[in-house]
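The structure under discussion appears below in the form of structure tokens.
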Amino acid sequence: MPAWVGRRMPRREDAELLTGRGRFIGDLGRSGMVHAVFLRSPYPHARIVSIDASRALAMPGVRAVLTGADLPEDLGAQPNTHLFGERETPYFALARERARYAGEPVAVIVADSQYLAEDARDEVIVDWEPLPSVGDADRALADDAPLVYGDRDWPDNVAATFEQEMGDVDSAFDEADVVVTERYRIQRQFGCSLETRGVLAEWDENVDELTLWTSSQIVHIARDLLAAVLGLPEHRIRVLVPRIGGGFGAKFHFYPEETAVALAARATGRPVRWVEDRMESFLATVHAREQRVEISMAAREDGTITAVKGDLVGDMGAALHTVGYGPLWLTAVMITNVYEIPNARVRARAVVTNKTPLGSFRGWGQPQANFVVERTVDRLARELGMDRADLRRRNFIPPERLPRKSLHHTLDSGDYPRCLDRALELLDERGWRERQHELRDEGRHVGIGISFYTENSALGPSRMLNQGGVQQGGYDIARVRVEPGGEVTLYTGLCEMGQGVTNALSQVCADNLGVHPEKIKVVTGDTSQVPYTGYGTGASRGAAVGGAAVMRASRKVREKVMRIAGHMLEANPDDLEAEDGMIFVRGTPTAAVTMGDVGRAAYLRAIELPEGEDPGLEAIEAFDPPQFAWPYGANIAVVEVDVDTGEVSFLDYIYVHDCGTIVNPMIVEGQIMGAVAQGIGAALFESLPYDEEGQPLFGTFMEYVLPTAAELPRLVMEHQHTPSPNIPGGMKGVGEAGTIGSPAAVVAAIEDALAPYGVRINETPVTPSAILAMVGEREVTPA
Amino acid sequence: MKPPRFEYAAPGSVDEAIEILRDAPEESTLLAGGQSLVPLLNMRMAQPRVVIDLNRVSGLDAVERTPDGRIRLGAMVRQRRLETDPVVRDELPLIAEAARHIAHVPIRTRGTVGGSLAHADPAAELPATVAALGGRLLVRGPNGDRAVPATEFFVGALTTAIEPGELLTAIEIEPPREGAGWAFGEVARTHGAFALAGAAAVLQVGDAGQIASARLALLGVGSAPYVPEWLEEMAVGEAPDEPLFRRIGARVVDEIAPLDDIHASADYRRRVAAVLTARALRDAANRSNGRGSG
Amino acid sequence: MSPRVSMVVNGRGVEADVEPRRLLADFLREDVHLYGTHLGCEHGVCGACTVLVDGEPVRSCLMLAVQADGGEVTTVEGLSRDGGLHPLQEAFHEHHALQCGFCTPGFLLTSLYLLRERPDLDDEGEIRAALSGNLCRCTGYQNIVDAVRDAAARMRQDSPTTKG
Ligand SMILES: Cc1cc2nc3c(=O)[nH]c(=O)nc-3n(C[C@@H](O)[C@H](O)[C@H](O)COP(=O)(O)OP(=O)(O)OC[C@H]3O[C@@H](n4cnc5c(N)ncnc54)[C@H](O)[C@@H]3O)c2cc1C
Ligand code: FES
Ligand code: FES
């Protein structure tokens, strides 16, 4: 009987963070440490004619200036681990001959303080030869577009084209009663964790070993990729991850700065630290999301959707980064969402432009897929004169037909109609449909928006990843050790970045081992200690895949604990129970030994061990999920639009979802609230616009608008629980869910509020300025 | 993002500050609240040789009544104080209200009246508000003091009538007449962010129910606060009703030349200027003589 | 030329020679070794660096260390008393008002001042507006708002007559 899983437990690391004792990358120091800053390309595309660092090098306190020309000849290009069949877009720790986007690192300057390093950077002179450049995917597809990789003989700017089809799409469209076609534009956004990135590198010259602290979600992968780039054996590199101030996928990547700072440490013989500043973060950290999508849906008059086809263009920026065009691929294959659509076809083109490379951000390609599908379903409902919810219900894969294969994946389990119905019930309980009519009669513009999502979580079956081209596993490995004193140490390759995974894992371990979670210490973020994790901390795999691995390892240890305790108590291990660190004969709690007694026996007093039992009390277990897990949920947004100023305010926000077994509801709710805030950011606020040539039109938080407490709604949330059939423990994962359905719901609500004007909103973010432009000229009446 | 090297001076008096300024007027920068200047230093977009810190200058942080009945606000009065000071709240409630729209409390605790006016950001609240109130700015330089009316002080974006070598010491504002109403409104992308556009109004309804006086200024709709000089002529003697306010809004739209930026189009600003104008005038009229919500 | 500055930080006198250009945040972090004051933007927007100077909240990324000379600074490290957590810290913990915790010190100090000024504060809208100068990328703010409101209630109970 689970005691800890399912509990609302406040987190263990809070005390440290609340008192200012948490140590992030920028708080770390080493004796003799010096500081690095990067000089970056001011041009979207330019050839480096020459770099003169002599004045900088002559300044007091300046230790080194490295440029592309100083990189080792045999240094590898920054790797892409998601190979889906694409052209190569090699880029290096520092730009070698040309820079392909504004912000590309060109030189690293090392000095005794960050102040001095910035002074020196101002004195480095680069002679640039600007080249033709392109700042937009549509333009990049034009026949006469400047070529981003003209120097590598690309005939065009298309890095890859991905196509997939199921059923007979053309016939379905021919036979359809209704066809709707829409074009959407989804803007660039990015993870924008409040803590920027950072790296601290230290070489031990005596043994030629590198220690690298980095704000990364992928501790082992970062090590391996660094080893590959530097040509070092993996075990000569130790990667450590301190506290991370948010990751959201942007820290799931392996960055040029990690290589460059390591090289700078070798060049100077000193520990070197670099902390990204906020302005460079907008250019140097991977962007995300940007796509144009054309989608068509075919349906019968009764509302049955018979086919969908999508044509996607992803603006990948200047290179395919660590995850290649993975997010765009995911958008493409999720084009049927949770609907039973037998015929589907997608084409996705990954287009390069002279912009910051695109990469991961919570949700990967799913928010885009959800946006275009859910908005188009709304369009179809309007076309058919059907209720939006009815149309969804009619097309949901019914519970009895799950698991079911969609375009690429197999959706596992759940009851979509029940989830949507509960959300609608809440909407009515809270009186919104009635209120909306009343308020409309008062001349107010109130709208309700609905969306339904599923999330690709628990990534993932390693073989499936490899077959798809991913050069990483999808498993997780956990090590659980009972110490001689009875305390427990749990080692995981997952990284804690605020999402609470260490708490969730300790709750799982506590139940399966029979100890109190406070007795469990969780060790993360150190390749010299923690087991390998296949994919890193992302893709909502922590609780599900990591949890299952912890469950297995804990149970394995528990078996041994029971054998030893049975011997000590002269009882059959099968008759024993463990709870809160006590092991006792079921029904006779007085006959007990403690975990400490067992620990001491295992390590110190072999004399107490059963015959033939090995010393030690630990287990290491892997878990590789046989399938993905598919949590799902409904978002309902209620908004009011001021049609005189275009301002949008939230009146309510309902979120009903199912993510299988919930380990800690408090953490799950926190994950959803934070992710919905990012989805609302996508819908209304955040954007990284460029001009036609690829010059960024942003540079600070004055341009990149993050929502504050004053803009965001209070979420009304309910959980449903359909355990995953594929994951021991039944967890499905929840990390990204909130980002997926929220943009569609919010935009649908705005569109509904503006129903009197008959607007269609196919582009985000929906700013006040955009709203007034859509509402059109109208009499000004002060409200 | 660390400031470049500079020499630092922290004079104790205005005259001492002017003395230091005299040495290198073009290469020196005054530091008031630092809420605009320090970001620029951190970004190295400002690289002054000398930074003259006004925070230890005595006598610049007073809120006082002048013998001729004006309210004088010293240049170093913090924006936060504008919200809390009883004299400002009683005599210049429009200023108190506008101040609440400047950024956030932890910025207003440092940001100053003088810094905001001297910085003259086109989207800033105080320049337009001081213009709406017909205030004047007191500037001191090597040649002594001069007073500049607000309408002449704001020359353009980030440009004022302050000459190199001079500094702003205070502003003086005549409190609106007893019974005048006031209102301030703006739109911004998020709470506390710089406004996309905004309007400040002072309006008095006479005993007979007609408008006796009206002043208005807009922010964010051009390079400097926009003050419609024709307003009195158009409004005085008229009934304070919606059609009038809308006509005024429409005329404002014809006269302003806002710019596009990544947050909003020029067209948006124009349309919102009309809305904010009408709303501010209506709210001010409602407040006049204790009418409406007061 | 590095002037000597001295100030009281969390009740303890500190003194150092600093370059005039040194930001107060860097002084606190690198010279006083109080790393709880975080830098999230260095241009005044995020609020992670918020500390109290002479009792008022300021952005320590927009103040020079020399400007705090002679002043009294409170950082997050100065919040807990006698080893126990401050009611604000307790409320943040219980309401799960922090995830990565990077923004947390700034929120705590903004809230500390807020509740001293407005011990009666209870309205959600007012709390949201008052916290809008601090960015959090993890929580969506809801739990922070709840924690601040709850802390206000706790602090009222702790000291029903005196302020904060
Ligand atoms: C995140 C953020 C948001 C903001 N939002 C807003 C907003 O919504 N609205 C708004 O109006 N402002 C906003 N500001 C800026 C505002 O807070 C500043 O306080 C103000 O613009 C400048 O005032 P200051 O006292 O800080 O001046 P400083 O930054 O010290 O100085 C600004 C300029 O004025 C000059 N100067 C200062 N004092 C004098 C003087 N007495 N005589 C001559 N020259 C002088 C300085 O040399 C400098 O060039 C914001 C700032 C930040 C960081
Ligand atoms: S670091 Fe000071 S406000 Fe962001
Ligand atoms: S908890 Fe991570 S930014 Fe607020």
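The values are calculated or read from the model by the stated rules, or taken from the named source; none is laboratory data. The model shown is predicted, which means the values in this text are computed figures rather than measured ones. As a convention, Cβ positions derive from the backbone with ideal geometry for all residues, glycine included, and neighbour counts pool all protein chains shown.
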Q | the stretch B:245-274 residues that are without any contact (Cβ under 8 Å) to a residue 60 or more places away in the chain, paired with ones that are among the charged types (D, E, K, R) (beta carbon under 7 Å, 6 or more apart) | A | B:245/B:282; B:253/B:270; B:256/B:270; B:262/A:703; B:266/B:260
Q.
Return the pair list, or none, for Cβ contacts closer than 9 Å from residues in the stretch B:1-29 that are surrounded by 15 or more Cβ atoms within 10 Å (Cβ to Cβ) to residues that are among the basic types (Lys, Arg) and in a helix (DSSP H, G or I), at least 6 apart or on different chains.
A. B:1/A:278; B:10/B:56; B:11/B:56
**Q.** Filtered residues of the stretch C:80-121 (kept if part of a loop (DSSP other than H, G, I, E, B) and more than 7 Å from chain A (Cβ to nearest Cβ))
**A.** C:82, C:83, C:86, C:95, C:97, C:118, C:119, C:120, C:121
Q: Give A:682, A:677 a once-over and let me know the one that is away from chain B (no Cβ under 14 Å), closer than 19 Å to residue A:288 by Cα and either free of Cβ contacts under 8 Å to residues at least 60 places away in the same chain or crowded, with 24+ Cβ neighbours inside 10 Å (or both).
A: A:682
**Q.** Selection status of residue A:611, assigned to a helix (DSSP H, G or I) and surrounded by fewer than 20 Cβ atoms within 10 Å (Cβ to Cβ)
**A.** no
Q.
Tell me whether the stretch A:616-627 contains one or more residues that are touching a residue at least 60 places away in the same chain (Cβ under 8 Å) and touching a Ser or Thr at 6+ places or on another chain (Cβ under 7 Å).
A. yes
Q. What is the residue count in the stretch A:56-83 for residues that are surrounded by 15 or more Cβ atoms within 10 Å (Cβ to Cβ) and either among the aromatic types (Phe, Trp, Tyr) or assigned to a loop (DSSP other than H, G, I, E, B) (or both)?
A. 11
**Q.** Matching residues, the stretch C:20-32, being more than 16 Å from ligand 1 (Cβ to nearest atom) and either closer than 16 Å to residue C:74 by Cβ or crowded, with 21+ Cβ neighbours inside 10 Å (or both)
**A.** C:22, C:26, C:27, C:28, C:29, C:32
Q. Given the stretch B:125-210, what strands (runs of 3 or more DSSP E) lie entirely inside it while holding 1 or more residues that are closer than 28 Å to residue B:260 by Cα?
A. B:154-156, B:181-188, B:195-205
Q) Inside the stretch C:44-57, can you point out the residues that are surrounded by fewer than 24 Cβ atoms within 10 Å (Cβ to Cβ) and part of a loop (DSSP other than H, G, I, E, B)? A) C:54, C:55
Q: Would you tally the residues in the stretch A:622-654 being over 16 Å from residue A:733 (Cα atoms) and not hydrophobic (A, V, I, L, M, F, W, C)?
A: 10
Q.
Considering only residues that are under 21 Å from residue A:706 (Cα atoms), surrounded by fewer than 24 Cβ atoms within 10 Å (Cβ to Cβ) and more than 12 Å from chain B (Cβ to nearest Cβ), which ones fall in the stretch C:122-140?
A. C:124
**Q.** Residue list for the stretch A:435-468, filter: assigned to a loop (DSSP other than H, G, I, E, B) and either β-branched (Val, Ile, Thr) or more than 21 Å from the chain's Cα centre (by Cα) (or both)
**A.** A:442, A:443, A:444
Q) With (1) under 23 Å from residue A:673 (Cβ atoms); (2) surrounded by fewer than 22 Cβ atoms within 10 Å (Cβ to Cβ); (3) free of Cβ contacts under 8 Å to residues at least 24 places away in the same chain as the list, and residue C:89 as the residue in question, which single condition is left unmet? A) (2)
Q.
For a quick check of your reading of the model, give me the residue pairs whose first member lies in the stretch A:6-24 and is under 12 Å from residue C:92 (Cα atoms), whose second is among the polar types (S, T, N, Q), with beta-carbon atoms closer than 6 Å and at least 6 apart or on different chains.
A. A:11/A:503; A:17/C:104; A:18/C:89; A:19/C:80
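Yes or no, residue by residue, for (1) of a type in the set (D, E, K, R); (2) within 14 Å of another protein chain (Cβ to nearest Cβ); (3) touching a helix residue (DSSP H, G or I) at 6+ places or on another chain (Cβ under 9 Å):
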| position | (1), (2), (3) |
| --- | --- |
| A:6 | no, no, yes |
| A:46 | no, no, no |
| A:63 | yes, no, yes |
| A:67 | no, no, no |
Q: Find the residue count for the stretch A:166-206, including only residues that are free of Cβ contacts under 8 Å to residues at least 12 places away in the same chain and in a loop (DSSP other than H, G, I, E, B).
A: 1
Q. Just one of the numbered conditions (1) charged (D, E, K, R); (2) free of Cβ contacts under 8 Å to residues at least 40 places away in the same chain; (3) within 20 Å of residue B:3 (Cα to Cα) is not true of residue A:118; which one?
A. (2)
Q: From A:365, A:324, A:310, grab the single residue that is within 30 Å of residue A:109 (Cα to Cα) and among the small types (Gly, Ala, Ser).
A: A:324
(Q) Among the numbered criteria (1) within 25 Å of residue A:215 (Cβ to Cβ); (2) within 7 Å of another protein chain (Cβ to nearest Cβ), which one does residue C:63 miss? (A) (1)
Q: Note down all Cβ pairs under 9 Å where the first residue falls in the stretch C:119-139 and is of a type in the set (Asp, Glu), the second is in a loop (DSSP other than H, G, I, E, B) and away from ligand 1 (no atom under 16 Å from the Cβ), and they're at least six residues apart or on different chains.
A: C:124/A:714; C:126/C:118
Q. Can you name every residue in the stretch B:222-242 that is among the acidic types (Asp, Glu) and closer than 11 Å to residue B:211 by Cα?
A. B:232, B:233, B:238, B:241
Q: Tell me, please, whether a residue that is among the basic types (Lys, Arg) and modelled with pLDDT of 95 or more can be found in the stretch B:168-178.
A: no
Q | Among residues of the stretch B:264-286, those that are more than 7 Å from chain A (Cβ to nearest Cβ), more than 17 Å from residue B:217 (Cβ to Cβ) and in contact with a strand residue (DSSP E or B) (Cβ under 8 Å, 6 or more places away or on another chain), counted | A | 1
Q: Could you grab me the full set of residues in the stretch A:269-285 that are out of contact with any strand residue (DSSP E or B) (no Cβ under 9 Å at 6 or more places or on another chain), assigned to a helix (DSSP H, G or I) and more than 16 Å from ligand 1 (Cβ to nearest atom)?
A: A:281
Q: Please go through the stretch C:92-109 and pick out each residue that is crowded, with 24+ Cβ neighbours inside 10 Å and either away from ligand 2 (no atom under 16 Å from the Cβ) or not hydrophobic (A, V, I, L, M, F, W, C) (or both).
A: C:92, C:96, C:97, C:98, C:99, C:101, C:104, C:105, C:106
Q: Give the residue that is surrounded by the fewest Cβ atoms within 10 Å (Cβ to Cβ), with candidates limited to residues of the stretch C:141-160 that are part of a loop (DSSP other than H, G, I, E, B) and more than 14 Å from every other protein chain (Cβ to nearest Cβ).
A: C:160
Q: Could you figure out which of (1) touching a helix residue (DSSP H, G or I) at 6+ places or on another chain (Cβ under 8 Å); (2) within 16 Å of ligand 2 (Cβ to nearest atom) isn't true of residue A:194?
A: (1)
